[in-house]
Amino acid sequence: MAFIDPKLVPQITLYDGAKIPCIGMGTFGSDHADGEAVSGAVAGAIRCGYRLFDCAAVYGNEKEIGQVFKAAFDEGVVAREELFITSKVWNDMHGKGDVLLSCAQSLKDLQLDYLDFYFVHWPFPNYHAPGCDGDSRNPDSKPFTVEEFMSTWRQMERLHDMGLVKYLGMSNMTIPKLEAVLPLCRIRPAVIEMELHPAFQQPELYDYVVAKGIQPIGFCPIGSPNRPERDKTSEDIAATEMPEIMEIAKNHGVHPAVVCLKWAVQRGEMVIPFSVKERNYTANLQCVTEDPLTDAEMEIIRRADKNCRLIKGQVFLWPGATDWRDLWDEDGTITK
Ligand SMILES: NC(=O)c1ccc[n+]([C@@H]2O[C@H](COP(=O)([O-])OP(=O)(O)OC[C@H]3O[C@@H](n4cnc5c(N)ncnc54)[C@H](OP(=O)(O)O)[C@@H]3O)[C@@H](O)[C@H]2O)c1
């Protein structure tokens with residue numbers, strides 16, 4: 001197995017000056033890679049030089065991944081302080097005290113005594129069953145409210161106060177929601193996860209987050225070609241099949257997936273690509289250490305944005321909502 005020295009991986013500086021690697025490994029098996037396959041990839045990725053792992057309770061594999069972390073620490077492959085480990089509270093655990101319980105469970109499953117990053121996975125308490133199809137709706141779903149979100153965030157802040165979580169994160173937010181909640185946060189988010197790839201660049205949200213001193217983390221950075229069926233529609237555009245990306249990939253002699261990652265990292269994002277294949281996750285880590293895209297190539301990709309959201313989140317819609325665009329406040333106000 002190739003080893004890429006973590007010292008060669010570009011670092012990103014958080015608001016307090018702490019440095020984190022610009023690339024980590026995603027761990028969502030997208031309803032097809034089971035816990036064993038994903039934790040096997042995590043074990044390989046640690047040996048390959050990955051130092052950041054994006055986990056979440058809802059991915060259903062934290063126990064298996066925890067066994068891999070413990071073995072890696074016990075065998076001296078890596079020390080806890082060298083790794084950056086993320087988890088997220090799922091939508092059914094936003095209630096009073098539940099965030100603390102959820103974090104305790106993730107810490108237990110991952111066999112850790114602290115997390116580097118803990119995220120509110122989605123900004124509403126709307127639950128869907130794992131593996132559900134795209135038409136599934138929960139009649140108990142509700143629109144976002146500032147009050148409910150802040151009551152969840154207060155619990156996140158407590159976790160930070162207790163020393164269980166180093167940095168807090170939000171995910172799947174919009175500018176109107178951030179405008180409403182950021183001024184109310186006692187502890188502001190250090191990072192925000194959002195869907196980002198060449199076909200969905202979200203320039204306004206990206207620039208807004210950067211201007212607030214928060215680090216954007218791009219999920220689905222390759223365009224999530226193997227995402228669950230519920231997240232696929234006939235209008236979706238595959239980033240790896242965009243002619244601009246394919247042409248640049250040909251010129252660099254790499255897979256289009258690698259061009260997506262180079263573009264993201266050079267833009268200033270942190271990325272968390274998923275792969276269970278050693279050849280692919282090695283290429284993904286290696287690519288940020290060599291052969292950067294030119295300014296002209298970066299500009300070609302910037303202009304190729306298709307504004308095509310893949311993870312629409314329609315399974316979180318509440319009774320009375322019109323369609324998935326309601327989740328994303330497209331008219332510039334919080335949709336109720
Ligand atoms: N906060 C949120 O709400 C949220 C939402 C979605 C995702 N996420 C996080 O973001 C991570 C990444 O998103 P994602 O997994 O949906 O999509 P992704 O990273 O864009 O795409 C992953 C897919 O790309 C393929 N791939 C990876 N590297 C490749 C390479 N070098 N060449 C060719 N194919 C390659 C993988 O297939 P192989 O396995 O066959 O290589 C895998 O199926 C997730 O795992 C999760 O941790 C967070």
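Gly218 meets the conditions (1) in contact with a strand residue (DSSP E or B) (Cβ under 8 Å, 6 or more places away or on another chain); (2) more than 17 Å from Asn307 (Cβ to Cβ) in every case but one. The failed one is (2). In region 265-287, of all residues being closer than 15 Å to Asp54 by Cα and in a loop (DSSP other than H, G, I, E, B), the one that is farthest from the ligand (Cβ to nearest atom) corresponds to Glu269. Taking the listed residues Thr294, Thr335, the one that is more than 14 Å from the ligand (Cβ to nearest atom), of a type in the set (Ser, Thr, Tyr) and either farther than 30 Å from Lys19 by Cβ or under 20 Å from the mean Cα position of the chain (by Cα) (or both) is Thr335, with no other qualifying.
Conditions tested, residue by residue: (1) at pLDDT 95 or above; (2) within 21 Å of Met270 (Cα to Cα); (3) not charged (D, E, K, R).
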| site | (1), (2), (3) |
| --- | --- |
| Ile12 | yes, yes, yes |
| Met25 | yes, yes, yes |
| His32 | no, no, yes |
| Arg47 | yes, yes, no |
| Ile65 | yes, no, yes |
| Val68 | yes, no, yes |
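Can you find a residue that is closer than 13 Å to Ile187 by Cα and not in a loop (DSSP other than H, G, I, E, B) anywhere in region 129-147? Steps first, answer last, please.
Quick first cut of region 129-147, residues closer than 13 Å to Ile187 by Cα only: none.
Within region 129-147, not a single residue is closer than 13 Å to Ile187 by Cα and not in a loop (DSSP other than H, G, I, E, B).
In region 306-329, the residues that are farther than 17 Å from Ala199 by Cβ form Cβ pairs under 8 Å with partners that are of a type in the set (Lys, Arg) and in a loop (DSSP other than H, G, I, E, B), at six or more places apart or across chains, as follows: Val315/Arg137; Leu317/Arg137; Trp318/Lys142; Pro319/Arg137; Leu327/Lys312. Of all residues in region 293-307, those satisfying the criterion of being surrounded by fewer than 19 Cβ atoms within 10 Å (Cβ to Cβ) and in a loop (DSSP other than H, G, I, E, B) are Thr294, Ala304, Asp305, Lys306, Asn307.
The values are calculated or read from the model by the stated rules, or taken from the named source; none is laboratory data. All values reported here derive from a predicted model rather than from experimental measurement. As a convention, Cβ positions derive from the backbone with ideal geometry for all residues, glycine included, and neighbour counts pool all protein chains shown.
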